Amino acid sequence: MKRALVCGAGGFIGGHLVNRLKNEGYWVRGVDLKYNEYGNGNADEFVIGDLTDPVICRQVTEGGFDEVYQLAADMGGAGYIFTGENDAAVMHNSALCNLNMLHAAHLAGVKKIFYSSSACMYPEYNQLDPENPKCSEESAYPAAPDSEYGWEKLFSERLFLAYQRNLGITVKVARFHNIFGPQGTWRGGREKAPAAICRKVIEAEEGGTIEIWGDGKQTRSFLYVEECLEGVRRLMESDFSGPVNIGSEEMISINDFAKMIAEISGKNITIKNIPGPEGVRGRNSDNALIQEKLNWAPSHSLKEGITKTYQWIAEQAAKEVELV
Ligand code: NAD
């Protein structure tokens, strides 16, 4: 039986990944600062531990693993990443998790390790026009990410690739583009746009108003979590190391996205654009490389994924109302 270690298993994507690996027949150890809030991620063993500590990283890699998935990071949505208030924590905590876990995996003789980078590492100067952002993999340099979160991701991509070059461990680097779905953070300040907009629409009265940060003309693409994991697993099984985009090419403005979610709710909702952290003006995945290297690219529609996500958040919100 193959053994996998999932770092960040208490988080959104990590929780789904644990389930996916279990369904594929792996024995899985999860590690995180916390258990998964929504009970996702039924690992065979779950260790509560801080991966900024090299001793913990050595301990959790004991026992031998065929694969390690390093998803642990100090992260959140625009309200966490783009305000500037959490820059030191984001850089320090995430870089230490990456430095320590990668080194521990190398010392433990792990053959293959996955690292989740982000589209936030792409240069801001290619993402100024909301209609024509450029996010092909080779456009990463000259580097100019618009956030410290993006700079840390870029540093860590290079760190992983350097370990592969110098120390022989096989690495797989993916640049995720806005992953969303059920069992993700939907309130509390770290939630990302899809969940935040769903929650606002759910909380709004019929005929009510929701607030959207920025002028709403900023564009993004969003990828449903199951498709993200399909990409991760295909990358792991391939002979390609990346970095490669794992994202959707279905670009949409944030205002149109909010209208889509309002339509799913069946409510008449007015959008009010207010000042707030919004990130780059435009961003979209470029899937030419993943198509070429893995002969596959995500293809499910945004509407399909956001409908399922909306329903899940509506259920969570209803449960909270019952508890009050
Ligand atoms: P998440 O915040 O839900 O999960 C990250 C997990 O890492 C959390 O459960 C957190 O507790 C854990 N963690 C943080 N610091 C830790 C530490 N010191 N020790 C142990 N665990 C620690 O985020 P997610 O959305 O599941 O993202 C997973 C990975 O994918 C991250 O590396 C993130 O940067 C990357 N990513 C995500 C997206 C997205 O849209 N969700 C986009 C691009 C990249």
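The values are calculated or read from the model by the stated rules, or taken from the named source; none is laboratory data. Please read all numbers here as calculations on a predicted model, not as lab measurements. All Cβ positions, glycine included, derive from the backbone under ideal geometry; neighbour counts span all protein chains shown.
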* Mind checking whether some residue in the stretch 151-160 is part of a loop (DSSP other than H, G, I, E, B) and within 26 Å of GLU230 (Cβ to Cβ)? -> no
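State the number of residues belonging to the stretch 224-244 that are on the phi > 0 side of the Ramachandran plot and in a strand (DSSP E or B).
Going through the stretch 224-244, the residues on the phi > 0 side of the Ramachandran plot turn out to be 242.
Keeping just the survivors that are in a strand (DSSP E or B) gives none.
Number satisfying all stated conditions: 0.
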* Residues of the stretch 87-99 being in contact with a helix residue (DSSP H, G or I) (Cβ under 6 Å, 6 or more places away or on another chain) and more than 12 Å from the ligand (Cβ to nearest atom), which ones? -> ASP87, MET91
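Given the criteria closer than 19 Å to GLU226 by Cβ and touching a strand residue (DSSP E or B) at 6+ places or on another chain (Cβ under 8 Å), does SER299 qualify? It would help to see each step written out before you state the result.
Numbers: closer than 19 Å to GLU226 by Cβ: yes; touching a strand residue (DSSP E or B) at 6+ places or on another chain (Cβ under 8 Å): no.
Here the answer is no, as SER299 does not meet what is asked.
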* Restricting the stretch 18-31 to residues that are touching a residue at least 40 places away in the same chain (Cβ under 8 Å) and in contact with a helix residue (DSSP H, G or I) (Cβ under 7 Å, 6 or more places away or on another chain), which is surrounded by the fewest Cβ atoms within 10 Å (Cβ to Cβ)? -> ARG20
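Within the stretch 34-66, work out how many residues are surrounded by fewer than 18 Cβ atoms within 10 Å (Cβ to Cβ), within 13 Å of the ligand (Cβ to nearest atom) and in a loop (DSSP other than H, G, I, E, B). Can you show your working first?
Taking the stretch 34-66 and keeping what is surrounded by fewer than 18 Cβ atoms within 10 Å (Cβ to Cβ), we get 34-35, 37-39, 42, 44-45, 47-50, 53-55, 58-59, 62-64, 66.
Now drop any that are not within 13 Å of the ligand (Cβ to nearest atom), which leaves 34-35, 37-38, 47-50, 53-55, 59.
Narrowing further to those that are in a loop (DSSP other than H, G, I, E, B): 34-35, 37-38, 49-50, 53.
So the count comes out to 7.
Within the group ALA258, ALA262, which residue is outside any loop (DSSP other than H, G, I, E, B) and more than 21 Å from the chain's Cα centre (by Cα)?
Details: ALA258 fails: more than 21 Å from the chain's Cα centre (by Cα).
Unique residue meeting the criteria: ALA262.
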* Can you run down the residue pairs with Cβ atoms below 7 Å, 6 or more apart or on separate chains, where the first is in the stretch 67-84 and within 8 Å of the ligand (Cβ to nearest atom) and the partner is of a type in the set (Asp, Glu)? => ALA72/ASP32
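Yes or no, residue by residue, for (1) outside any loop (DSSP other than H, G, I, E, B); (2) closer than 24 Å to PHE222 by Cα; (3) among the β-branched types (Val, Ile, Thr); (4) without any contact (Cβ under 8 Å) to a residue 40 or more places away in the chain:
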{"position": "ALA95", "(1), (2), (3), (4)": "yes, no, no, no"}
{"position": "HIS106", "(1), (2), (3), (4)": "yes, no, no, no"}
{"position": "GLU131", "(1), (2), (3), (4)": "no, yes, no, no"}
{"position": "ARG165", "(1), (2), (3), (4)": "yes, no, no, yes"}
* Tally, over the stretch 74-93, of residues that are touching a strand residue (DSSP E or B) at 6+ places or on another chain (Cβ under 9 Å) and part of a loop (DSSP other than H, G, I, E, B) -> 1
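So that you can scan it fast, the table gives a plain yes or no per residue for (1) within 13 Å of the ligand (Cβ to nearest atom); (2) under 23 Å from ILE252 (Cβ atoms); (3) within 21 Å of the chain's Cα centre (by Cα):
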{"site": "MET101", "(1), (2), (3)": "yes, no, yes"}
{"site": "ALA105", "(1), (2), (3)": "no, no, no"}
{"site": "TYR115", "(1), (2), (3)": "yes, no, yes"}
{"site": "GLU124", "(1), (2), (3)": "no, yes, yes"}
{"site": "ASP129", "(1), (2), (3)": "no, yes, no"}
* **Given (1) part of a loop (DSSP other than H, G, I, E, B); (2) touching a Lys or Arg at 6+ places or on another chain (Cβ under 9 Å); (3) among the basic types (Lys, Arg); (4) within 21 Å of GLY76 (Cα to Cα), index of the condition ARG199 fails** => (1)
* Asked: If you take the residues in the stretch 131-171 that are out of contact with any helix residue (DSSP H, G or I) (no Cβ under 9 Å at 6 or more places or on another chain) and either of a type in the set (A, V, I, L, M, F, W, C) or outside the structural domain of HIS103 (by TED's automatic domain parsing) (or both), which one is farthest from the ligand (Cβ to nearest atom)?
  -> ALA162
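For residues that are among the charged types (D, E, K, R) and surrounded by fewer than 17 Cβ atoms within 10 Å (Cβ to Cβ), tally how many sit in the stretch 196-225. Even if it seems obvious, please write down each step before you answer.
Here is the first cut: in the stretch 196-225, the residues among the charged types (D, E, K, R) are 199-200, 203, 205-206, 211, 215, 217, 220.
Among the residues that remain, those that are also surrounded by fewer than 17 Cβ atoms within 10 Å (Cβ to Cβ) are: 203, 205-206, 211, 215, 217.
Counting residues in the stretch 196-225 that are among the charged types (D, E, K, R) and surrounded by fewer than 17 Cβ atoms within 10 Å (Cβ to Cβ) gives 6.
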